[in-house]
Amino acid sequence: YHFVNWSDGVLTATRTDTNVMADLSVTANFALNTYTLSVASDHGTIVKAPDLPAYDHGTSVTITATPATGYSFVNWTGDVTSADNPLVLTMDGDKTLTANYSLNTYTLTVDATNGTVTKLPDQAAYDHGTVVQLTAVPATGYHFVNWTGDASGTDLTTSVMMDGNKSVTANFAVNTYTLSYVAG
């Protein structure tokens with residue numbers, strides 16, 4: 001709470017009454033403190049419940065961060081540091097918080113029997129949104145048939161958009177030949 005005024009309208013916090021000739025009744029008036037909650041988020045959205053311009057002292061506020069596609073929530077920083085999401089705050093002063101996110105990374109597993117697959121770029125993990133070009137390379141005596149799993153098609157080269165962990169298989173078949181002969 002904070003001091004507002006005296007019941008007789010005097011606005012000063014200190015009071016000196018002199019020359020009092022009779023009983024005097026004076027009341028000090030106080031008001032509940034209110035506070036602001038500012039939130040920031042670069043790669044997602046934040047919902048405050050309740051969502052008010054100011055909060056009374058002691059009000060409980062739940063803030064929830066929802067990451068943008070390809071991101072994961074990491075933590076809150078600012079006047080409160082926490083990895084809780086949603087986060088429940090008790091308003092006891094003005095607060096400023098930032099929701100922090102990290103870009104998701106994914107693995108790409110490739111399988112090939114009787115051949116190999118080259119990846120461009122060739123990395124252990126890929127950031128969300130990375131496009132990886134796969135090229136099937138048949139072993140001697142084999143030819144490429146198709147892609148299965150998280151890729152499809154019959155072209156030697158295909159592209160995979162990394163928006164989750166992916167697994168791709170390059171399928172090869174043994175070459176067959178025709179033998180022609182003439183009896184003489």
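Tabulated data
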quantity	calculated
Any chance residue 23 is at pLDDT 95 or above and open to solvent by 60 Å² or more (accessible area, probe 1.4 Å)	no
Members of segment 104-144 that are aromatic (Phe, Trp, Tyr) and within 30 Å of residue 74 (Cα to Cα)	106, 126
Neighbours by Cβ (under 9 Å, 6+ apart or cross-chain): first from segment 69-91, closer than 18 Å to residue 43 by Cβ; second open to solvent by less than 40 Å² (accessible area, probe 1.4 Å) and among the charged types (D, E, K, R)	78/95
Test: residue in segment 139-150 that is in contact (Cβ under 8 Å) with a residue 24 or more places away in the chain, open to solvent by less than 80 Å² (accessible area, probe 1.4 Å), of a type in the set (S, T, N, Q) and not in a loop (DSSP other than H, G, I, E, B)	yes
Members of segment 36-66 that are part of a loop (DSSP other than H, G, I, E, B) and either open to solvent by 50 Å² or more (accessible area, probe 1.4 Å) or basic (Lys, Arg) (or both)	36, 42, 43, 50, 51, 52, 53, 57
Hey, residue 118 open to solvent by less than 60 Å² (accessible area, probe 1.4 Å), outside any loop (DSSP other than H, G, I, E, B) and among the hydroxyl-bearing types (Ser, Thr, Tyr) or not	no
Counted residues, segment 160-176 - those being open to solvent by less than 90 Å² (accessible area, probe 1.4 Å), over 29 Å from residue 70 (Cβ atoms) and part of a loop (DSSP other than H, G, I, E, B)	1
The lone exception for residue 179 - which of (1) surrounded by fewer than 12 Cβ atoms within 10 Å (Cβ to Cβ); (2) closer than 30 Å to residue 64 by Cβ; (3) aliphatic (A, V, I, L, M) it fails	(2)
Failed condition for residue 69, given (1) within 24 Å of residue 49 (Cα to Cα); (2) in a strand (DSSP E or B); (3) hydroxyl-bearing (Ser, Thr, Tyr); (4) open to solvent by 50 Å² or more (accessible area, probe 1.4 Å)	(2)
Segment 98-120 - residue that is farther than 18 Å from residue 167 by Cβ and not aliphatic (A, V, I, L, M) and, of those, nearest to the chain's Cα centre (by Cα)	101
Residue 157 being exposed (fewer than 12 other Cβ atoms within 10 Å of the Cβ) and under 36 Å from the mean Cα position of the chain (by Cα)	no
Count of residues meeting criterion [among the hydrophobic types (A, V, I, L, M, F, W, C) and in contact with a Gly (Cβ under 9 Å, 6 or more places away or on another chain)] in segment 111-140	3
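Here is a yes/no grid of residues against (1) in a loop (DSSP other than H, G, I, E, B); (2) at pLDDT 95 or above; (3) open to solvent by 70 Å² or more (accessible area, probe 1.4 Å):
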site	(1), (2), (3)
85	yes, yes, no
97	no, yes, no
122	yes, yes, yes
132	no, yes, no
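The values are calculated or read from the model by the stated rules, or taken from the named source; none is laboratory data. Computed from a predicted structure; not experimentally measured. Ideal geometry is used to build each Cβ from the backbone, glycine not excepted, and the neighbour counts take in all protein chains shown. The area values use the complete protein model at the heavy-atom level, side chains included, leaving out ligands, DNA and RNA. Shrake-Rupley method; radii C 1.70, N 1.55, O 1.52, S 1.80 Å.
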